[in-house]
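Novice: One structure follows; several queries about it will come next.
The values are calculated or read from the model by the stated rules, or taken from the named source; none is laboratory data. On a predicted model such as this, the values are computed, not experimentally measured, just so you know. Cβ coordinates were reconstructed from backbone atoms using ideal geometry, including for glycine residues, and neighbour counts include every protein chain displayed.
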Amino acid sequence: MSNLRENSNSSNKGPSTDARDVMWPGSAPALPVRSAARNMTMGFGAISLVSAVALAFVVGESWYAQESMQTHRLFKESLCKVPEFRSFVQFTLEQQNFNFVFQSTSTQWLDTKRVLQNAGTIACDESMWLAAEEILAASFPMRRMMVWINMNREPMSAHIGEFQLVERLYSWSSGCLMVGVANSVLGTAFLALSPPSTCVLQAQRGQFVICFLLLVIGIILFMQAHNHCLYGSSSFRDESMSDSASLFNFFLIPVALVAVFCGWGATFMSQKSYGVPSMLAWIPGAYSDYPDSSPETTGPPTSLRELTVEMDI
């Protein structure tokens, strides 16, 4: 009787394992692939959402970078950097019988004509030069400035390129963000329309990294354009831009780097626990290429379908 029980137990154990292997070949290794596909789809969605919000800010703020709203910035920068333009400003105001002497009290006055004539010895960020800029800009006809610039492209060519940098930064930022949104939507669509597989994940992994880099580059370009556009016409533009740069360099960049390295380190260690080699564990999502060593391949059933099969067996 005991031999019969042993034979029956052995017969029950053997076929159950064989049946499970035959009916569900490769079902367990597919679990990390499905998880990776779901995670990458969520990542594409997050990148597309943030890129779309940033793109809306870029498009809305680029309106203030147009030429008609940046004439004072162009006037101040040209007055500082182009000697021919300083001569033109002095000639134009002399024709209008402009009083170059600004007097605030009986003992305090400023001769703006002398400031223009001694421009080579006065730095453009000194208080005397900034005060003279404001006095001249308040009475100078800005439309005549645009006419003179178009008639004197040769001495103004280098400065025009610097002035248009803000417009280019906005254009490059919007281009990066728009391409990032389009690629993220395409990546989400491809992952949704194709079954989970390592081939699809490997193909979309590079696109995911590109979308993330486009988002970061687009935001950095937008912040640079924002600072130039916002502080370019300010009387204290040098101090404002230096304060903004110090905040970005000494606070935002270190915090972002710490977050990136912490996340990358956690990704590296977690993927090593899945059996991913150390040479490839630093690549996010690489665990989907090594499903056999995944912790998800062991343990209790993870879906109703697998539980039903085991109960039938």
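Novice: Between Phe88, Phe75, which is at pLDDT 90 or above, over 20 Å from the mean Cα position of the chain (by Cα) and part of a helix (DSSP H, G or I)?
Specialist: Of the residues listed, the single one that is at pLDDT 90 or above, over 20 Å from the mean Cα position of the chain (by Cα) and part of a helix (DSSP H, G or I) is Phe88.
Novice: Any residue in the range 85-110 that is in contact (Cβ under 8 Å) with a residue 40 or more places away in the chain and within 30 Å of Arg153 (Cα to Cα) sitting within a Cβ distance under 8 Å of a residue that is surrounded by 11 or more Cβ atoms within 10 Å (Cβ to Cβ) and charged (D, E, K, R)? List the pairs, counting only those 6 or more apart or interchain.
Specialist: The qualifying pairs are Thr92/Arg144.
Novice: Using the structure shown, decide if Met146 is assigned by TED's automatic domain parsing to the domain that holds Ser104, of a type outside the set (D, E, K, R), surrounded by fewer than 19 Cβ atoms within 10 Å (Cβ to Cβ) and touching a Phe, Trp or Tyr at 6+ places or on another chain (Cβ under 8 Å). Before the answer, list the steps.
Specialist: Values: assigned by TED's automatic domain parsing to the domain that holds Ser104: yes; of a type outside the set (D, E, K, R): yes; surrounded by fewer than 19 Cβ atoms within 10 Å (Cβ to Cβ): yes; touching a Phe, Trp or Tyr at 6+ places or on another chain (Cβ under 8 Å): no.
The answer is no for Met146.
Novice: What residue, among those in the range 100-126 that are surrounded by fewer than 10 Cβ atoms within 10 Å (Cβ to Cβ) and not β-branched (Val, Ile, Thr), is farthest from the chain's Cα centre (by Cα)?
Specialist: Ser106
Novice: Test Leu252 against the stated conditions and say whether it is outside any helix (DSSP H, G or I), assigned by TED's automatic domain parsing to the domain that holds Ala56, modelled with pLDDT under 75 and not polar (S, T, N, Q).
Specialist: No.
Novice: Shifting gears a bit: Quick one: Asn3 ticks every box in (1) at pLDDT below 75; (2) assigned by TED's automatic domain parsing to the domain that holds Met142 bar one, so which box is it?
Specialist: Unmet condition: (2).
Novice: So, Phe57, is that one at pLDDT 70 or above, more than 16 Å from the chain's Cα centre (by Cα) and among the aromatic types (Phe, Trp, Tyr) or not?
Specialist: Values: at pLDDT 70 or above: yes; more than 16 Å from the chain's Cα centre (by Cα): no; among the aromatic types (Phe, Trp, Tyr): yes.
Answer is no for this residue.
Novice: When the residues of the range 133-176 are narrowed to those that are among the aromatic types (Phe, Trp, Tyr) and part of a helix (DSSP H, G or I), which ends up farthest from Asn227 (Cα to Cα)? Give the steps one after another, and end with the answer.
Specialist: Kept after step one, since they are among the aromatic types (Phe, Trp, Tyr), are these residues of the range 133-176: 140, 148, 163, 170, 172.
Checking the rest, the ones that are also part of a helix (DSSP H, G or I) come to 148, 163, 170, 172.
Numbers: Trp148: 28, Phe163: 13, Tyr170: 11, Trp172: 15 Å.
It comes out as Trp148.
Novice: Let me ask you something else. Kindly provide the set of residues from the range 176-207 that are touching a residue at least 40 places away in the same chain (Cβ under 8 Å) and within 30 Å of Trp63 (Cβ to Cβ), ordered by number.
Specialist: Scanning the range 176-207 gives Cys176, Leu177, Met178, Gly180, Val181, Ser184, Val185.
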